[in-house]
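The values are calculated or read from the model by the stated rules, or taken from the named source; none is laboratory data. Only a predicted model underlies this, so the values are computations on that prediction, with no experimental measurement involved. Please note: Cβ atoms are built from the backbone with ideal geometry, for glycine as well, and neighbour counts cover all protein chains shown. These accessible areas exclude ligands, DNA and RNA; they are computed on the full protein's heavy atoms, side chains included. Shrake-Rupley method; radii C 1.70, N 1.55, O 1.52, S 1.80 Å.
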Amino acid sequence: MKAKSASKRPSPVASPAKGSGAPPVDIGMSSTDRKNVADGLSHFLADAYTLYLKTHNFHWNVTGPMFNTLHVMFETQYAEQWVALDEIAERIRALGFNAPGSYAEFTKLSSIREEPGLADTADWREMVRQLTVGNEAVCRTARSVLSTADDASDDPTVDLLTQRLHTHEKYAWMLRSLLQ
């Protein structure tokens with residue numbers, strides 16, 4: 001996760017709201033551990049969503065001699081990433097917090113820079129380079145949150161992040177191979 005000052009960093013909002021009539025979350029983790037894991041997962045979700053959006057953008061806008069190969073590869077990756085986003089957000093909800101869900105929230109939480117619009121579309125090599133770097137950034141965030149989840153004995157989150165690490169490390173390797 002990228003370092004941010006505590007005052008600018010959004011904090012996860014607890015759910016259910018006080019006075020809602022729903023019982024408080026009691027899944028065998030302290031509220032502090034749940035909040036810390038949910039905060040880390042919020043950063044991970046923001047990185048994963050930003051990478052998804054960038055991958056989808058590049059799928060639409062790739063050109064050149066690698067068009068067909070990359071168009072199909074990017075589509076495969078963004079389709080898989082889309083499904084994973086839901087799993088990450090649902091885990092945050094299971095921990096008792098609201099998942100971030102707006103561009104503004106994702107921009108504040110993500111360590112991955114968004115790609116400029118259509119006028120400044122990168123060539124295919126730069127697209128592949130950026131997606132390699134983006135997948136590695138997602139891996140770094142996952143490892144950070146995985147450590148927090150492991151310290152909290154949050155096995156479902158550890159499992160989720162282990163699976164995502166496997167996927168994003170593989171994507172980074174495959175993309176990097178295209179540039180070697």
Mean separation of Cα contacts under 8 Å (6+ apart) over length of the chain, as relative contact order %: 31
Simple label model, 7 Å out from Cα along Cβ direction - ASN61 to ALA22, nm: 3.8
Accessible-area composition of the chain, carbon plus sulfur, in percent [1.4 Å probe]: 54
Within region 46-79, chymotrypsin sites (Phe, Trp or Tyr not before Pro) in DSSP loop having at most 14 other beta-carbon neighbours inside 10 Å: none
Where GluC sites (Glu not before Pro) fall in DSSP loop in region 85-154, at most 14 other Cβ within 10 Å: GLU114
More than 27 Å apart - percent of Cα-Cα pairs taken over the chain: 30
Label-point separation, SER30 to MET174 (7 Å along Cα→Cβ), nm: 4.1
Relative contact order computed over region 109-170 (Cα-Cα under 8 Å; 6+ residues apart), in percent: 34
Inter-site label distance for VAL83 and GLU126 at 7 Å from Cα along Cβ, in nm: 3.3
Of the DSSP H helices in the chain, those whose Cα atoms cover at least 24 Å axially and whose Kyte score averages -0.5 or more: 67-94, 124-151, 155-179
Accessible area (Å², per residue) of region 67-180, counting only protein heavy atoms and a probe of 1.4 Å: 53
Efficiency of FRET from Cβ geometry, SER102 and VAL72, R₀ 35 Å, rounded to 0.05: 0.70
Amide H contacts under 5 Å for PHE97, placed H, 5+ residues apart: SER15
